[in-house]
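Data first, discussion second: the structure below is written as structure tokens.
The values are calculated or read from the model by the stated rules, or taken from the named source; none is laboratory data. Keep in mind that what you see is a predicted model, and the values were worked out from it rather than measured. Backbone-built Cβ (ideal geometry, glycine too); neighbour counts: all protein chains shown.
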Amino acid sequence: MKLILTQDVNGLGAPGDIVEVKDGYGRNFLLPRGLAMPWSRGGEKQIGGIKRSRDARATRDLGQANEMKAELAALTVTLEVKAGDAGRLFGAVTAGDIVDAVSAAGGPALDKRAVQVESPIKTVGAHTVTVALHPEVDASIEVDVVAASA
């Protein structure tokens, strides 16, 4: 099935790309979620407009991503969670928890899908987390996990 992507799809492409996918994937996932539209000659003409707007947005977003990276580097993020006596957490720290902690610390609004936790955070202490702000810009955040006082 030949489709034109209307949004970013991990591992597949960016908006405006023409992709060839299996029928089931296109029919059951991409099309119902509005991530793609069926390929046609008229649709192919729209690709030029989509790509021009994507390029303009990308240059604007690159500058904004660099500003956010500097802002995140200057930020101290502390996350209070329930922990046992040995410093092990009851559960794990999720990307959503990290996004909420960054917002509470006065940082920029982040998308939890952009937060990349290398290994699950299950202990108290300092942990480094990577945030993909732009395809060319990644920021590292130092998250200090502390045990919540009961």
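Here is the figure for region 83-97: residues that are in contact with a helix residue (DSSP H, G or I) (Cβ under 8 Å, 6 or more places away or on another chain) and either under 16 Å from residue 142 (Cβ atoms) or among the basic types (Lys, Arg) (or both) total 1. Of the residues making up region 3-53, those that are surrounded by fewer than 14 Cβ atoms within 10 Å (Cβ to Cβ) and closer than 19 Å to residue 135 by Cα are 7, 8, 10, 11, 52, 53.
Residue-wise test of (1) in a strand (DSSP E or B); (2) surrounded by 13 or more Cβ atoms within 10 Å (Cβ to Cβ).
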| site | (1), (2) |
| --- | --- |
| 64 | no, yes |
| 68 | no, yes |
| 85 | no, no |
| 130 | yes, yes |
| 139 | yes, yes |
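The one condition from (1) of a type outside the set (Asp, Glu); (2) surrounded by 14 or more Cβ atoms within 10 Å (Cβ to Cβ); (3) at pLDDT below 85 that residue 72 does not meet is (3).
Pairs linking a residue in region 32-43 that is assigned by TED's automatic domain parsing to the domain that holds residue 13 to a residue that is part of a helix (DSSP H, G or I) and acidic (Asp, Glu), with Cβ atoms under 9 Å and 6 or more positions apart or on different chains, do not occur.
Give just the number: which of (1) buried (at least 17 other Cβ atoms within 10 Å of the Cβ); (2) at pLDDT 85 or above does residue 119 not satisfy? Exception for residue 119: condition (1). Among the residues of region 102-116, the ones that are within 12 Å of residue 132 (Cβ to Cβ) and assigned to a loop (DSSP other than H, G, I, E, B) come to 2 in all. The single condition among (1) surrounded by 14 or more Cβ atoms within 10 Å (Cβ to Cβ); (2) hydrophobic (A, V, I, L, M, F, W, C); (3) not in a helix (DSSP H, G or I) that residue 99 does not meet is (3). Contact map, region 95-115: first residue in the same structural domain as residue 134 (by TED's automatic domain parsing), second residue hydroxyl-bearing (Ser, Thr, Tyr) and part of a loop (DSSP other than H, G, I, E, B), Cβ cut-off under 7 Å, separation 6 or more or different chains; pairs are 105/76.
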